[in-house]
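Trainee: Got a structure here, written out as structure tokens. Questions coming.
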Amino acid sequence: MTDPITATSRYLAYLLRHRPDAVGIVLDDEGWTAVDTLLTATARHGRTITPDLLAAVVDGTDKRRFELRDGRIRAAQGHSVPVDLRLDPVPPPARLYHGTVARFLAAITADGLRPGRRTHVHLCADRADAATVGARRGEPVILTVDAAGMHRAGFTFYRAANGVWLTDHVPSNWIDVGPAESGHWQRP
């Protein structure tokens, strides 16, 4: 049984990232919607979210999926609906990580990391977070991305409010399937 905070967090992530139309709300160009509008719409669709529960979801989860500002809320990243989070490009750390599972390695080797239905590829700043992401689908495989090399080559990186690193695409030649702690890259 999922606790109410986790269940509500997942539900809000679904609405604010992928399907705002499921409860009849509209996101602005930057992904924001009024908190009152969101709470009214979810109640109208049979899911009452109190202001206290919303505060617990926003403040009480380690994923920091949401941003609150001036009575509005949005997902920090992970959108499949078109939004512009208005993030400034920032230089990434030398290495970033992506958690996946073995069944996706052939496609990643062929095409690199692509955003799929989302607007960006999501990368983690540390291996532990990437392992957690990969473990959602099975035994995790951690990919190491030569982010500094990509940046020098002209690729753009953004950092979402929750610390997730975003980029448009990671070609396979910038990915190491094995640990790259030694500094020696083993490209697929």
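Coordinate-derived values only; no laboratory data. Because the structure is a prediction, the values reported are computed rather than measured. Don't worry about glycine lacking a Cβ; one is built from the backbone with ideal geometry, like all the others, and counts go over all protein chains shown.
Trainee: So the label point goes 7 Å from the Cα of THR156 along Cα→C-beta, right? Which residues of region 100-131 then have their backbone N under 13 Å from it?
Mentor: Under cut-off, by backbone N: 120.
Trainee: Given 4 °C and 1.567 mPa s, compute D for the chain with the Stokes-Einstein relation, Rh being the Kirkwood radius over Cα pairs; round to the nearest whole µm²/s.
Mentor: 73
Trainee: Can you bin every Cα-Cα distance in region 26-99 into 10 Å intervals starting at zero and give me the percent of pairs per bin, rounded to whole numbers?
Mentor: Distribution as computed: 16, 42, 31, 10, 2 percent.
Trainee: Turning to a different aspect of this structure: With +1 on the Cβ of every Lys and Arg and -1 on the Cβ of every Asp and Glu, and nothing else charged, how large is the dipole of region 4-75 about its Cα centre, in debye rounded to the nearest 20?
Mentor: With Lys and Arg at +1 and Asp and Glu at -1, about 300 debye.
Trainee: Using alpha carbons only, how many degrees (0 to 90, rounded to 10) separate the axis of helix 35-44 from the longest principal axis of the chain?
Mentor: 70
Trainee: Which one of ALA125, THR48, ALA148 is farthest out on the positive end of the charge dipole of the chain, using unit charges on Cβ (Lys, Arg +1; Asp, Glu -1) and the Cα centre as origin?
Mentor: Projecting each Cα onto the dipole axis, the largest value belongs to THR48.
Trainee: Rounding to the nearest 20 debye, state how big the charge dipole of region 95-176 is about its Cα centre with +1 on each Lys and Arg Cβ and -1 on each Asp and Glu Cβ.
Mentor: In total the dipole reaches around 220 debye.
Trainee: Quick check: net charge around THR156, other residues with Cβ under 11 Å of its Cβ, Lys/Arg +1 and Asp/Glu -1?
Mentor: With Lys, Arg at +1 and Asp, Glu at -1, the neighbours total -2.
Trainee: Amide H of HIS79: which non-local residues (sequence gap of 5 or more, or other chain) have their own amide H closer than 5 Å, using H built in the peptide plane?
Mentor: Amide H to amide H, under 5 Å and 5 or more residues apart or across chains, HIS79 pairs with THR119.
Trainee: Suppose R0 equals 25 Å; then what is the FRET efficiency for ARG64 and ASP28 from their Cβ-Cβ distance, rounded to the nearest 0.05?
Mentor: The calculated FRET efficiency here is 0.75.
Trainee: Suppose every K and R has +1 on its Cβ and every D and E has -1 on its Cβ; what is the size of the dipole of the chain about the Cα centre, in Debye to the nearest 20?
Mentor: Using Cβ point charges on Lys, Arg, Asp and Glu, the chain gives about 420 debye.
Trainee: So what's region 95-176 giving for Rg/Rh, alpha carbon basis, Kirkwood Rh from the mean inverse pair distance?
Mentor: Expressed as Rg/Rh, it is 0.93.
Trainee: Still on this structure: Treating the angle as unsigned and between 0 and 90°, give the value, to the nearest 10°, between the Cα long axis of helix 4-13 and the longest Cα principal axis of the chain.
Mentor: The answer is roughly 70 degrees.
Trainee: Now, a different point. If you add up the charges near LEU113, with Lys and Arg at +1 and Asp and Glu at -1, over every other residue whose beta carbon is less than 13 angstrom from its beta carbon, what do you get?
Mentor: Result for the local shell: -2.
Trainee: Which angle between 0 and 90 degrees, to the nearest 10, do you get for helix 51-60 versus the longest principal axis of the chain when only C-alpha atoms count?
Mentor: 20
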